[in-house]
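Before any comments, here is the structure.
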Amino acid sequence: MRVRPETCSGSGNPSFLARRQQHLQGSATVAMRFRPETDNEKVGITIFQNETHYYFLCRSREGNAAVVQLLASGRDTSAASSMNLIASRTIPEEFHDKTLYLRIEAEGNVYSFLYAFVPGEWKLVRDNVDATFLSTKIAGGFVGCMYALYATSLGEPSSNQAEFEWFEYTGDDQVYR
């Protein structure tokens, strides 16, 4: 996936490939490889309701440190960098060129955001993140949320690319058991 300047906070055409969230209990997981060249390059998975209501779990850079970041959308859709940093975890040097696994777990009215370098060895970025922020009542609209593979350089030119190895969606609502 190409890292493009367009963001999902505007009306442009971002690098964005989505699948609808169908369950209140479930998860979306990706395996990816990406090496950011600048701090504004961010690649990962988002849970998206609209241009002003989404969470973005991504690999990026802070200075010279490789990081996993959790961001929340801001209200200013005219600013490419209108996202708020919720949490950041440093990626150890030995994992810089390894596959990174990112997961968003839906748990009713909260989300958990996790990452791993070895399948199944999840590390928490943040749990109990308010899912009602993405609800129709707060965000407006009526279409629900989407999990999306997403790559952006926040309005700056980039020739970088990310490799998504796979995407997995699971749903586990009680009503379907």
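Structure summary
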{"quantity": "Residue check for P119: exposed (fewer than 12 other Cβ atoms within 10 Å of the Cβ), in a loop (DSSP other than H, G, I, E, B), of a type outside the set (A, V, I, L, M, F, W, C) and at pLDDT 95 or above", "calculated": "no"}
{"quantity": "Unique match (being free of Cβ contacts under 8 Å to residues at least 40 places away in the same chain and out of contact with any strand residue (DSSP E or B) (no Cβ under 9 Å at 6 or more places or on another chain)) among K137, K123", "calculated": "K137"}
{"quantity": "Top-ranked residue of segment 106-116 - restricted to ones that are in contact (Cβ under 8 Å) with a residue 60 or more places away in the chain and either in a strand (DSSP E or B) or within 14 Å of the chain's Cα centre (by Cα) (or both), ranked as surrounded by the fewest Cβ atoms within 10 Å (Cβ to Cβ)", "calculated": "E107"}
{"quantity": "Unique residue being exposed (fewer than 15 other Cβ atoms within 10 Å of the Cβ), within 19 Å of W166 (Cβ to Cβ) and in contact with a Ser or Thr (Cβ under 9 Å, 6 or more places away or on another chain) when the list is R103, R2", "calculated": "R2"}
{"quantity": "The lone exception for E62 - which of (1) under 19 Å from M146 (Cα atoms); (2) surrounded by fewer than 21 Cβ atoms within 10 Å (Cβ to Cβ); (3) not hydrophobic (A, V, I, L, M, F, W, C) it fails", "calculated": "(1)"}
{"quantity": "Matching option when the condition is farther than 22 Å from R2 by Cβ and either in contact with a strand residue (DSSP E or B) (Cβ under 6 Å, 6 or more places away or on another chain) or hydrophobic (A, V, I, L, M, F, W, C) (or both), among Y169, Y101", "calculated": "Y169"}
{"quantity": "Residue check for E168: exposed (fewer than 13 other Cβ atoms within 10 Å of the Cβ) and farther than 20 Å from Q25 by Cβ", "calculated": "no"}
{"quantity": "Test: residue in segment 156-164 that is more than 14 Å from the chain's Cα centre (by Cα), of a type in the set (G, A, S) and modelled with pLDDT under 95", "calculated": "no"}
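The values are calculated or read from the model by the stated rules, or taken from the named source; none is laboratory data. Here the structure is a predicted model, which means the values were calculated and not measured. So basically every Cβ, Gly included, is an ideal-geometry build from the backbone, and we count neighbours across all protein chains shown.
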